[in-house]
């Protein structure tokens, strides 16, 4: 993010620059500020934590509201806004942000919900010791989500996408000690990470077809992409990414386990924001990727997930897991509404995204409040809390009814629109399954509310945490207002659809088939509620029957298999014997050298041109020959001599001769470095020999033979690699460095040193950091050894 | 106990050696030398000191934490890497100041030498940490 | 005219001694003689080579550094020889049967009787 | 004069096999160290000759380094033989 501040500071200084092209300077800046506020909060969070337990929460609320308002005001004043800053011009990747109806809608959800949830966690997280990192990662997530929504460049979008995956991993695994949370975090990371890789591949293929990473160009090139040969792989990879991120079947298994995270995380990431990223992608790329294959693939998966999620929600007993499965089911509904690819479908999808964020967020906050107050989270042990927690009861009632799709709440409108869209799609099975899904949702939604708040009093003594109830109440009220005055939002949604389309459902006009479908689903829901306990028992029996074939087992088997293989491989190579370590090392070196030989069909092993030497040519060459032969003798001695000390001596002898060879080849710098390194090396060898009683073991003939073979393999490998490079020795590299302007450009005449410190300075920095790191590593190793 | 003769000679040779290594370091840009060579040289000078005088003697004389020297070297190298940015030049381009010193006349300072000093300290710190720690034993080191 | 000839002569002497030094190390019966060969003749050989250089090129940076080398060699090589011989003797490397007198053994016996007194300060 | 340098280099390199033989046969460790030390001396000689031949101070610096620090290896090995622990006081 430093990049943003750098450019932002330049913008602030009103420096005339063509970066923010063709637009009043301050508008682009506002968009940047909106994006960087959450990141700024994330950085400050740990410090704010010290001022007081609730301070970070309120500041987070402020940051969220500020971004929310900036986006709103910016949209009101400027309409479409685009910022285009060069990021990696050589690869055609730009740091482009853009504001349009779609990104505004999702942006408002992300920042609005984020702000509310920060307010909620101000008190919820007050007693938690993990509050510091919690706020840091939440701020990071909000910024990443906002970035993902505003991104105007494929690679930038991917970057923020992966950042959301990372922050979700960190948030789920917040309780480091507990195995449950680390396993859940790993599962979430692996699956959403898989989605990330699929997305990257899809984007790269897409960019190769369209020829640019810029989102505007990509969105405009719909028919070109569909016609291209790469369309099918792009679509499939894209779908995998959406399924993984939005927890659709078969990648949905990480979401229920992610409920181990604190409730604000579940409310924000795993219901209102992150899981919506997949839906946002569907909405964004619909115009590019839509085709009958799109419908064929997404619709069954979407509706299937909806049904599956609904069934699981009824089966689950843990408060948060019910809501998690409900989210999976609702995401299935959203995915299938976009899968329908009709204007009504998109409209229903967008409206339901908003409604779902509001009502599911409220339900999670309610669940959090109940768990916070009673400490219990099994729905069967709780009940009749309406007198103890009146405000939470009202919020839960509003949200649950909205989820069930009961008029006049918002949920009803978007569900009605969805039913109408399925009816219009002409596919017979879509409306039927839609109704079943609606019925299931009605059942578990009503059961969640009635079980918790109506009926006889069950569960521990309760004091209602007011600070937790208010945000839930706000969301509940919002669900109601969205139902009565949809006009607030439908204007924006129509804007997001293709131009000219209008999507304005309202309580007043009724679409007959959709109304009938709603009634049917309500009826089915009531039926299920009537026999709720038996259905749950039945579902539990079915689940036990199928437990051998669920995706969870597949995931468990895969991870277990990989870990097992890893352990076996580690044991084979790290079994403590020094001999084994060096053997593995040399085998790897040998393979690395010999493998490239195969395609080269054995590069010219021996070359004829002897490298010509400066100075009195013939005599100097003879001297060099003698030195090289002597080095070979020393090397053989090092291998043959029994006691280690003698071997070390021959090694150091070889080192000095190497220095002599460097000198004969006119490289004084190298000779000096070689000599000095040789001296220090000898001292280290002597120390090691003294510390490590290396008794000269007599290896068995078989082992000596295998070692010899290995050595010969490496010998051939090295000659194969070195010779071609010697044969094709061209001096273009030298000419570049020895070019005329060497002195005045770098102020030095010693080309070796100039290269090291100036031209290739960056590599040198790498080298010395490696050296420093090696020293630190050895330091810790030796220090730990002394402490046993 | 290494013989007295060795101790006497080492003290004289040692200081000249370090001086020579520093001269090589600074002259590195025009004649052979530079961070790596000078670093290795000072490291071997100190190793000699350790071998001839033993750990206690050296530890009492030089209270140096070699790890921090290595880190300092890296910091200096990074500083000189980023310095040109302040002048609007691309990363790591060397800046040349020519200043008139009273005694030595015109002296040309090149920022790359600063980078060299960074390399020098990093290499010295690293090698001596390795040598020092592998020999084990308690103490500062 | 004389200087190049003199330089030539010293160079020849230098090379001769360097070679004989190596020959000494090759042929001498035991370690201690070889140490003499390596240190003394080696240094002498280098000495004359350096002098030949000084004569040939006159005083410039190269030759001044050559003299510096000379000084350092004079300092360090004997120490190396001394320390090595000591180590060899103490680790029991046998002297050749042709040695006439071994004075060092008597010093060692003295040392065994009162080891602390004999140790120099800081030893 | 250039011819002389050529011969000098040959002679010095010629001396190498002798030292190699000593290194190979050397019954005791100090023998090998002596051979090593002589090799160092040869390297210095070669460096000095090269410096004179090319009249450049590049090689003299290398020779100077070797002459100052060359004897560390001998001292280190000697102490190792005598005391074992290199850093013992």
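The values are calculated or read from the model by the stated rules, or taken from the named source; none is laboratory data. Remember, predicted model here, so these are calculated numbers, not experimental data. Methodologically, a virtual Cβ is constructed for each residue, glycine included, from the backbone with ideal geometry; neighbour enumeration extends over all protein chains shown.
Laid out as a table, the results:
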{"quantity": "Test: residue C:29 is in contact (Cβ under 8 Å) with a residue 40 or more places away in the chain, in a helix (DSSP H, G or I) and surrounded by fewer than 22 Cβ atoms within 10 Å (Cβ to Cβ)", "calculated": "no"}
{"quantity": "Criterion (under 52 Å from the mean Cα position of the chain (by Cα), loosely packed, with under 13 Cβ neighbours inside 10 Å and at pLDDT below 80) met by exactly one of A:709, A:606", "calculated": "A:606"}
{"quantity": "Test: residue in the range A:664-671 that is within 11 Å of chain B (Cβ to nearest Cβ) and buried (at least 24 other Cβ atoms within 10 Å of the Cβ)", "calculated": "yes"}
{"quantity": "Criterion (within 13 Å of residue A:664 (Cα to Cα) and either within 8 Å of chain A (Cβ to nearest Cβ) or surrounded by 24 or more Cβ atoms within 10 Å (Cβ to Cβ) (or both)) met by exactly one of D:41, D:15, D:35, D:45", "calculated": "D:45"}
{"quantity": "Test: residue in the range C:25-40 that is over 19 Å from residue D:20 (Cα atoms) and facing another protein chain (nearest Cβ under 9 Å)", "calculated": "no"}
{"quantity": "Selected residue (criterion: surrounded by the fewest Cβ atoms within 10 Å (Cβ to Cβ)) from residues of the range D:68-86 that are facing chain C (nearest Cβ under 7 Å) and in contact (Cβ under 8 Å) with a residue 40 or more places away in the chain", "calculated": "D:81"}
{"quantity": "Residue in the range B:94-106 that is assigned to a loop (DSSP other than H, G, I, E, B), buried (at least 18 other Cβ atoms within 10 Å of the Cβ) and at pLDDT below 70 present", "calculated": "yes"}
{"quantity": "Among (1) touching a helix residue (DSSP H, G or I) at 6+ places or on another chain (Cβ under 6 Å); (2) at pLDDT 85 or above, the one test that residue B:16 misses", "calculated": "(1)"}
{"quantity": "Qualifying residue in the range A:455-467 (condition: surrounded by 19 or more Cβ atoms within 10 Å (Cβ to Cβ), assigned to a helix (DSSP H, G or I) and within 35 Å of the chain's Cα centre (by Cα))", "calculated": "no"}
{"quantity": "Top-ranked residue in the range C:57-80 [being assigned to a helix (DSSP H, G or I) and more than 8 Å from chain D (Cβ to nearest Cβ); ranked as nearest to residue D:53 (Cα to Cα)]", "calculated": "C:63"}
{"quantity": "Index of the failed condition, residue D:25 passing every other in (1) under 22 Å from residue A:623 (Cα atoms); (2) more than 10 Å from chain B (Cβ to nearest Cβ)", "calculated": "(1)"}
{"quantity": "Any hit, the range D:56-67, residues being at pLDDT below 80, within 14 Å of chain B (Cβ to nearest Cβ) and part of a loop (DSSP other than H, G, I, E, B)", "calculated": "yes"}
{"quantity": "Filter result (more than 7 Å from every other protein chain (Cβ to nearest Cβ) and in a helix (DSSP H, G or I)) within the range B:54-70", "calculated": "B:58, B:59, B:60, B:61, B:66, B:68, B:69"}
{"quantity": "Selection count where residues are within 7 Å of chain D (Cβ to nearest Cβ) and either modelled with pLDDT of 85 or more or under 15 Å from residue B:129 (Cβ atoms) (or both), scope the range B:29-44", "calculated": "2"}
{"quantity": "So residue A:49, is it within 19 Å of residue A:137 (Cβ to Cβ) and surrounded by fewer than 21 Cβ atoms within 10 Å (Cβ to Cβ)", "calculated": "yes"}
{"quantity": "Cβ pairs under 8 Å, 6+ apart, first in the range C:1-13 and without any contact (Cβ under 8 Å) to a residue 60 or more places away in the chain and facing another protein chain (nearest Cβ under 8 Å), second outside any helix (DSSP H, G or I) and buried (at least 17 other Cβ atoms within 10 Å of the Cβ)", "calculated": "none"}
{"quantity": "Residue in the range A:204-227 that is outside any helix (DSSP H, G or I), surrounded by fewer than 18 Cβ atoms within 10 Å (Cβ to Cβ) and either touching a residue at least 60 places away in the same chain (Cβ under 8 Å) or not assigned by TED's automatic domain parsing to the domain that holds residue A:472 (or both) present", "calculated": "yes"}
{"quantity": "Members of the range C:86-98 that are in contact with a helix residue (DSSP H, G or I) (Cβ under 8 Å, 6 or more places away or on another chain) and either more than 19 Å from residue D:31 (Cα to Cα) or in a loop (DSSP other than H, G, I, E, B) (or both)", "calculated": "C:91, C:93, C:95, C:96"}
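Condition check ((1) in a helix (DSSP H, G or I); (2) within 22 Å of residue A:353 (Cα to Cα)) across all residues:
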position: A:32; (1), (2): yes, no
position: A:42; (1), (2): yes, no
position: A:47; (1), (2): yes, no
position: A:66; (1), (2): yes, no
position: A:94; (1), (2): no, no
position: A:109; (1), (2): yes, yes
position: A:115; (1), (2): yes, yes
position: A:123; (1), (2): yes, no
